[in-house]
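Some notes on the structure that comes next.
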Amino acid sequence: MQTTLSIVKPDGVSRGLIGEVVKRLEDNDLRIAAMKMIHMTRTQAEGFYAVHRERPFFGSLTEFMSSGPCVVMVLEGEDAIARYRTLMGATNYKEADPGTIRADFATDIEKNVVHGSDAPETAAFEIGYFFNRFEIVG
Ligand code: IDP
Ligand code: MG
């Protein structure tokens, strides 16, 4: 069993895509072990994406991620990290496989609807960034 962090980004929330994302998770045996809505400050977004601080898009990305509410979730399942990344599709929606969340809904390389952890170490950091142990239902 693996856990991973999922975020419905501010574009996904404002466009009414929370239910669409949750439906795909439930249909694909990714159990929601924790879920809440948050509105990150710029500083919180910068901490979350610290790994990207040298990238040219860091300023724009953290502004976007703090521009409105997000839904953050902990997902659990076998091979959850890779399976959820497959459901999301490639970072650039133009390269995402048909039928993936990003291919179906993203409008921009930045505004790509969802986030998902990319490895067990990043999942542990990202889950701990938003949730304490009492908020994760076993
Ligand atoms: P990922 O979300 O598929 O893991 P990362 O490379 O970790 O992609 O990038 C984090 C986020 O930064 C992306 O989801 C996207 O919102 C944004 N991003 C990535 N590359 C670019 C870019 O080239 N221009 C603008 N935004 C980008
Ligand atoms: Mg990433």
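Mind telling me which of the residues R85, R102 ends up being within 15 Å of ligand 2 (Cβ to nearest atom), without any contact (Cβ under 8 Å) to a residue 60 or more places away in the chain, within 23 Å of M1 (Cβ to Cβ) and outside any loop (DSSP other than H, G, I, E, B)?
So the residue among R85, R102 that is within 15 Å of ligand 2 (Cβ to nearest atom), without any contact (Cβ under 8 Å) to a residue 60 or more places away in the chain, within 23 Å of M1 (Cβ to Cβ) and outside any loop (DSSP other than H, G, I, E, B) is R85.
Is it true that R24 is on the phi < 0 side of the Ramachandran plot and open to solvent by 80 Å² or more (accessible area, probe 1.4 Å)? So R24 fails the test.
A single member of D97, D104 is exposed (fewer than 13 other Cβ atoms within 10 Å of the Cβ), among the acidic types (D, E), within 19 Å of K23 (Cα to Cα) and away from ligand 1 (no atom under 12 Å from the Cβ), and it is D97.
Kindly establish whether V114 is open to solvent by less than 10 Å² (accessible area, probe 1.4 Å), farther than 16 Å from D11 by Cα and in contact with a strand residue (DSSP E or B) (Cβ under 7 Å, 6 or more places away or on another chain). No: the conditions fail for V114. None of T107, T91, T122 is without any contact (Cβ under 8 Å) to a residue 24 or more places away in the chain and among the β-branched types (V, I, T) except T91.
With respect to (1) farther than 23 Å from N132 by Cβ; (2) part of a loop (DSSP other than H, G, I, E, B); (3) open to solvent by less than 20 Å² (accessible area, probe 1.4 Å), the lone exception for S67 is condition (3).
The values are calculated or read from the model by the stated rules, or taken from the named source; none is laboratory data. These figures come from a predicted structure and were not determined experimentally. No Cβ is skipped: glycine too gets one built from the backbone with ideal geometry, and neighbour counts run over all protein chains shown. Ligands, DNA and RNA are stripped out before the accessible areas are found, and what is left, the full protein with its side chains, is counted by its heavy atoms. Shrake-Rupley method; radii C 1.70, N 1.55, O 1.52, S 1.80 Å.
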